[in-house]
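Participant: The following block contains the structure, expressed as structure tokens.
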Amino acid sequence: MGSWPRSPASGTTCSSPNDWANVRDEFSGRAYVRAVLPSTGHFADPASISAAMRETGSDDQPAPEQGLIVTRRWSGSLTACALLLLLCCLLPRRLVELLREYMAAQAHNPVMVGNGAYNQASKSQENAIVRAKEMIVAELRRQLEGSGGPKTVGLADYGCSQGKNTAGLIEQVVAAVPGVRYNLFLTDLPGNDWANVRDEFSGRAYVRAVLPSTGHFADPASISAAMRETGSDDQPAPEQGRIVTVYLCGRSIFDGETLPRGAVAVGFSGSTMHWLSKKAECDAVFVFAGDEAFRRAPAEARKGYEAIAEEDWKANLSARSNELSDEGCLVLVVPCFSETHAIPHPYPSACRAIVSHLERELSAGQLTRAEASACVIACFHRSEQQLKLPFVQAPGGVFRSLALSSFDIAALPNPYYKPDGSFVDVYIQSILAWGQPSWHSALGGGSRAEAVIEGMMGAVQQAIAEDPSKFTTDYLLAYMTIRKQKQGSS
């Protein structure tokens, strides 16, 4: 096997430790929390938790109806499992079912590998969004033309991950469009590595402030309140300097509106809009819904994923429309599927190697059908027809006040590729950066999950060794400009 980092079960570095500092921030300010223990780091085993509980002691007085009644002790998955068991005993059955559904959805939409590891293994994603820089700049100039006077412009990155790719892009954008101030909204899942995002932006010369000072905003109302407190500056912005206020927004794009209405002039996304809100039942073996292996499956087997993908896409566009200002714009870079391009979808050779491996393991009885299904990443590579569908179906081509302005598909070269195949380890690390958290969670963790993931990566390693040239191009993307129409226009 190769020397790539392993997943958590092996005790090495592929999946970074949970962001306990952010967890501590989340609970420390809650009105019901008595204490968060330990004061730094986390407990490593049951014995250390027991010792802390003895030191903390118990209070035999009746608990108040409200107030500081919860002592939070951090011990990783042990705490989560104990809490779930307790809830299952105490809550009404329907509420327990909803909780299980929520946790299942979270298992298929995990954050990327943390502590900056994703930043170091996401060159393909960086290249994808940097190519869209000129599109973003052109849209800003279009909206600012003839506006007159000082202005604060809202930019939004839907799916910022750990921030490195966005930080470099924004530096180029504000240099290309000077003379205005910017509100930059960075959105991602609540469990994202927000501490790393804050570190990425805090030292940038163009950043005025990163808000909030700890944790993240949870909803549009809290962001609006912070914007009112920050206030606006009516003086002309300097040509350079600290002109960007950054707002960290921990809310899933599948939870409706993420940002205040009308706050965004240009919203963009590099590799987020292909993710799904949940997975469907499907017996076919594939890596991504919408990839070539998925599309070979019978139509009946594909229906569940296709319905989720269509519903998610329309709901996503609807929510983003509300966040855009009049004549605002979305610049979306979406991993996609095409039968007419050099490659049919992202990571085609890696996916073929993984699918062949999983099919062999199934035939040999070394893998269960449930495990094969768990290896599906909750993404859908939509075709051009599927991406355009909301606009084609809408009267006048305007869906929820949005009109498709431009559409192009491009295949990007593999940034890690070397003809001799020596890129194998860094390439596998780039796959694990987005795939390992999903796989490890969906497979239930532990040594079995470790073994299944290692088998899949071993198949990719073998495919590269056999023919590195099949990995020269590995990212297929739809570049979309979607503009919001003025109220009353069509």
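Derivation of every value follows stated rules applied to the coordinates shown; laboratory data play no part. Quantities reported herein were computed from a predicted structural model and do not represent experimental measurements. Cβ sites come from the backbone with ideal geometry, for glycine too, and all protein chains shown count toward neighbours.
Participant: Taking a ≥ b ≥ c as the square roots of the Cα gyration tensor eigenvalues, with a/c under 1.5 meaning rounded and otherwise prolate when a/b beats b/c, else oblate, which class fits the range 408-490?
Facilitator: Note, shape of the range 408-490 comes out oblate.
Participant: Further, regarding this structure: How large is Rg/Rh for the range 266-308, to two decimals, with Cα atoms and a Kirkwood Rh?
Facilitator: 1.05
Participant: Rounding to the nearest 20 debye, state how big the charge dipole of the range 188-227 is about its Cα centre with +1 on each Lys and Arg Cβ and -1 on each Asp and Glu Cβ.
Facilitator: Dipole magnitude for the range 188-227 comes out near 220 debye.
Participant: Continuing with the same structure: Kirkwood hydrodynamic radius, the range 300-455, all distinct C-alpha pairs: what's the number in Å?
Facilitator: 18.5 Å
Participant: Could you pull out which residues in the range 312-348 have an amide N less than 13 Å from a spot 7 Å beyond the Cα of Ser406, following the Cα-Cβ vector?
Facilitator: Those under the cut-off are 330-333.
Participant: Please give the Cα centre distance for the range 427-449 versus the range 347-399, rounded to the nearest Å.
Facilitator: 17 Å
Participant: Please report how far the C-alpha centroid of the range 156-203 lies from that of the range 273-294, rounded to the nearest whole angstrom.
Facilitator: If we compute the Cα centre of each part, the gap is 29 Å.
Participant: Compactness ratio of the range 352-392: Cα Rg over 2.2 N^0.38 Å, N = residue count?
Facilitator: Scaled against compact globular proteins, the figure is 1.69.
Participant: Kirkwood hydrodynamic radius for the range 189-305: how many Å is it when counted over pairs of different Cα atoms?
Facilitator: About 17.5 Å for the range 189-305.
Participant: So, in nm, how far is label Arg131 from label His341 when the simple model puts each one 7 Å beyond its Cα toward the Cβ?
Facilitator: Placing both labels 7 Å along Cα→Cβ, they lie 0.7 nm apart.
Participant: Next up: At most 13 other Cβ atoms within 10 Å and a DSSP loop assignment: could you name the GluC sites (Glu not before Pro) in the range 283-367 that fit?
Facilitator: Glu339
Participant: Let me make sure I get this right: for the range 151-253, a, b and c are the square roots of the gyration tensor eigenvalues over alpha carbons, sorted descending. Under 1.5 in a/c it's rounded, otherwise prolate if a/b > b/c, else oblate. Which is it?
Facilitator: Oblate.
Participant: Beyond 31 Å between alpha-carbons counts as too far, so tell me which of Lys164/Lys303; Lys151/Lys486; Lys164/Lys279 fall in that bin.
Facilitator: Pairs exceeding 31 Å: Lys164/Lys303.
Participant: Could I ask something else about it? Over the range 214-350, what is the mean sequence separation of C-alpha contacts under 8 Å (at least six apart), divided by residue count, expressed as relative contact order in percent?
Facilitator: It rounds to 31 percent for the range 214-350.
Participant: At Ala394 and Val426, where each label point lies 7 Å from the Cα along Cα→Cβ, what is the point-to-point distance in nanometres?
Facilitator: 4.2 nm
Participant: Another question about this same structure. Among Ser422, Gln386, Gly445, whose Cα projects farthest towards the positive end of the dipole of the range 379-453, with charges put on the beta-carbon of Lys, Arg (+1) and Asp, Glu (-1)?
Facilitator: The residue sitting most towards the positive pole is Gln386.
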